[in-house]
1. Spot the failing condition for A:M106; the list is (1) within 16 Å of DNA strand D (Cβ to nearest atom); (2) open to solvent by 40 Å² or more (accessible area, probe 1.4 Å); (3) not in a loop (DSSP other than H, G, I, E, B), and only one is missed.
2. For the structure I just gave you, tell me whether A:P77 is in contact (Cβ under 8 Å) with a residue 24 or more places away in the chain, closer than 19 Å to A:L208 by Cα and either of a type outside the set (G, A, S) or more than 16 Å from DNA strand C (Cβ to nearest atom) (or both).
3. Answer with yes or no whether B:A164 is among the small types (G, A, S), modelled with pLDDT under 95 and over 16 Å from the mean Cα position of the chain (by Cα).
4. Identify all residues within region A:126-167 that are among the polar types (S, T, N, Q) and touching a helix residue (DSSP H, G or I) at 6+ places or on another chain (Cβ under 8 Å); write none if there are none.
5. Wholly within region B:121-222, which helices (runs of 4 or more DSSP H) include no fewer than the required count, namely at least 3 residues that are more than 10 Å from chain A (Cβ to nearest Cβ) and open to solvent by 10 Å² or more (accessible area, probe 1.4 Å)?
6. Could you check how many residues of region A:32-81 are more than 16 Å from DNA strand D (Cβ to nearest atom) and open to solvent by 80 Å² or more (accessible area, probe 1.4 Å)?
7. Scan region A:129-157 and report the pairs whose first residue is among the acidic types (D, E) and whose second residue is assigned to a loop (DSSP other than H, G, I, E, B), with Cβ atoms within less than 6 Å and a gap of 6+ or a chain change.
8. Would you confirm whether or not region B:21-30 contains a residue that is open to solvent by 40 Å² or more (accessible area, probe 1.4 Å), within 14 Å of another protein chain (Cβ to nearest Cβ) and either within 15 Å of DNA strand D (Cβ to nearest atom) or in a helix (DSSP H, G or I) (or both)?
There are 2 protein chains.
Amino acid sequence: MAKIRNPPTPPPVPLSRERILHAALHLADEGGIESLSMRKLAQKLSVKAMSLYNYVTNKDDLLDGIVDKVISEIEVPSLATDWQLAMRQRATSAHAVLLRHPWATMAIVSRVNVGSAMLHYVDATLGCLREAGFSVEMADHAWNAIDNHIYGFTLQELNFPFEATEYSAVAENYLSSIPVEHYPYLNQLTHHVIEGRYDGIHDFEFGLELILSGLDRFRHPT
Amino acid sequence: MAKIRNPPTPPPVPLSRERILHAALHLADEGGIESLSMRKLAQKLSVKAMSLYNYVTNKDDLLDGIVDKVISEIEVPSLATDWQLAMRQRATSAHAVLLRHPWATMAIVSRVNVGSAMLHYVDATLGCLREAGFSVEMADHAWNAIDNHIYGFTLQELNFPFEATEYSAVAENYLSSIPVEHYPYLNQLTHHVIEGRYDGIHDFEFGLELILSGLDRFRHPT
DNA sequence: TAAGTTAAGCTTACACTGTAAGTCTAGTCG
DNA sequence: CGACTAGACTTACAGTGTAAGCTTAACTTA
């Protein structure tokens, strides 16, 4: 008696690294990176978990893959334009991409990223700064300063526990845990938000411009 | 027949929230936050995992607790001194504390922190800026800009995969994956590091000074 | 003193996780 | 035809947080 275990439809479409990464990216975008498990990912691809390991060496490799996919969405600075404009565009694009993939910033800053998209992204950034008259060393410092802002700002923004529009309303509930006699300045800030005198929204460009303006004097003419 | 299960020595010292948080902090410092499990923590306290739940509502509560302990180590800015000096000291202290607890920065930026140490820390920061002549709104922006740098810089620093002293030596191994025809500028930077023309070490104060200098013009006289 | 209550430890169990190890099956090649 | 291989699979293990309920000793009150 023939032992037929499966009808001969292993997957509708054959598995591939690309298909796996694509599905993983979607899963992470939907439910955050902590809800991206090998079993759930496999299920989404109509496959069993261990089959994924034919295309991905382990979960770290998978995460490296989707992080690099995210990085590749960032608009890379061109060498042609004014360096401040180019850096502003780069930062704005990165910020937008990171907001589209709310799990990604944490992943980026907590792992070593040497995917080809990341290398290209960094190279173009350094190149733009070098061509603008920064030394090798200063270009590295400038790049670091800008990225600190991008990652730091985005993480704090994503971590903010309510929507900007509801901030004013929600702030009122928190007021009781910020008594004026213990936290006078924080209490004052909260009052300003409640009363609509300040919307409490942080501006990505504010810190960015501080850095870009400050960097200009470190160029030396070519 | 009396049913004696345990010799009457449940723990050598009675459990307490403080003792649990203290042990948890040590465990996290030693092995990172991912190696801090309720079972390991309990074992370290000569107790079983579920006993911890008499003092801690769940693991999130535990993490909130140790994060706030870390925050409490940061030197809070005084209202008396020059605002730039005070902010510089605050940032430097925060940076040092975060390096002492390498897991902490990620924990801070990935959860909502409303422990008393955090509230006090934020209040003192806002106060210093307000007294220096920043408006409520500007103080909030300034605080945010500075913290973006602190968290962004520290995360990138902690994520850097080798020690500063070995950087030059290790860079040589990576050179082959950064071919000059694909990544000319990154390749050049790497060469500078290998040849000792640049140590490749990022400076916490560099970005910080950019921000502090830029902020000054946003004060308005009292 | 007896009874009742509570605090603070405990065991067990469940639904998850990543992945090592080994197995089955269909297809290709010599 | 026989061997090999690619690509799916099953099973199993050691770990996770924590819900549910049990045990025992100490304290409180009648």
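The values are calculated or read from the model by the stated rules, or taken from the named source; none is laboratory data. Remember, it's a predicted structure, so these values are computed and weren't measured experimentally. Here the Cβ is made from the backbone with ideal geometry for all residues, glycine too, and neighbour counts use every protein chain on show. These accessible areas exclude ligands, DNA and RNA; they are computed on the full protein's heavy atoms, side chains included. Shrake-Rupley method; radii C 1.70, N 1.55, O 1.52, S 1.80 Å.
1. Result: A:M106 passes all but (1).
2. Yes.
3. On the way: among the small types (G, A, S): yes; modelled with pLDDT under 95: yes; over 16 Å from the mean Cα position of the chain (by Cα): yes.
Yes: the conditions hold for B:A164.
4. Initial filter on region A:126-167 (among the polar types (S, T, N, Q)): A:135, A:144, A:148, A:154, A:156, A:159, A:165.
Once the filter is applied, which keeps residues that are among the polar types (S, T, N, Q) and touching a helix residue (DSSP H, G or I) at 6+ places or on another chain (Cβ under 8 Å), region A:126-167 yields A:N144, A:N148, A:T154, A:Q156, A:N159.
5. Details: elements: B:136-159, B:164-174, B:184-194, B:204-215.
Passing ranges, in order: B:164-174.
6. So the count comes out to 4.
7. A:E131/A:L79; A:E137/B:Y198
8. Within region B:21-30, the first condition is being open to solvent by 40 Å² or more (accessible area, probe 1.4 Å), and the residues that meet it are B:22, B:26, B:29-30.
Imposing the further condition that a residue be within 14 Å of another protein chain (Cβ to nearest Cβ) reduces the set to none.
Within region B:21-30, not a single residue is open to solvent by 40 Å² or more (accessible area, probe 1.4 Å), within 14 Å of another protein chain (Cβ to nearest Cβ) and either within 15 Å of DNA strand D (Cβ to nearest atom) or in a helix (DSSP H, G or I) (or both).
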